[in-house]
1. With charges set only on the Cβ (+1 for Lys and Arg, -1 for Asp and Glu), what does the dipole of region 3-93 come to about its Cα centre, in debye to the nearest 20?
2. Using +1 at the C-beta of Lys and Arg and -1 at the C-beta of Asp and Glu, which of L91, T102, L28 has the Cα lying farthest in the positive direction of the dipole of the chain?
3. At 7 Å along Cα-to-Cβ for each site, give me the label-to-label distance between T102 and L76 in nm.
4. Among the helices of the chain (complete DSSP H runs), which have Cα atoms covering no less than 18 Å along the helix axis and a Kyte-Doolittle mean of at least -0.5?
5. Counting each DSSP H run of 4 or more residues in the chain as -39500 (n - 2.57), what helix-only mean residue ellipticity at 222 nm follows after dividing by all residues, to the nearest 500 deg cm²/dmol?
6. Distance in nm between label sites at D94 and Y69, each 7 Å beyond Cα in the beta-carbon direction?
7. Report the Cα-based extents of region 3-93 along its three principal axes, largest first, to the nearest Å.
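All of the numbers you see were taken from the coordinates with simple rules; none came from a lab. Quantities reported herein were computed from a predicted structural model and do not represent experimental measurements. Cβ placement follows ideal geometry from the backbone for every residue including glycine, while neighbour counts extend to all protein chains displayed.
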Amino acid sequence: MDPWSVLKLSLFYYSIFFVVWLIGVAVLFSFIESTGVFQTIEEIGNGMEVEDLANFEISMGDVLRWAAYIGGGLVLLASIVNVILAFLYNLGSDIVGGVEMTFVERDE
């Protein structure tokens with residue numbers, strides 16, 4: 001397996017999963033926000049006497065930004081792992097000789 005091809009395919013497929021991840025996070029955020037959970041958390045944060053929590057606010061932009069950071073990091077990490085595994089497979093195949101398969105059609 002060519003590591004360059006593995007990298008291109010990995011980036012392509014993981015990028016699709018990245019978009020699905022962001023859409024899922026946005027839908028989940030909207031659902032949780034509609035139930036009032038974030039408003040309750042913000043009220044609790046505003047009621048505390050800690051200065052950093054006085055203006056505590058959860059927004060979709062912040063959540064999606066962190067989801068993008070996490071998802072982008074996982075896309076890169078998983079793609080690099082796939083390339084390393086392809087390299088190790090090629091190395092092992094060269095050392096052991098690989099597996100050759102032949103198919104024979106039987107006469108019945």
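1. Dipole of region 3-93, to the nearest 20 debye: 900 debye.
2. T102
3. So the two model labels end up 4.8 nm from each other.
4. 3-34, 60-96
5. -26500 deg cm²/dmol
6. 4.0
7. Principal extents (largest minus smallest coordinate, Cα): 63, 26, 16 Å.
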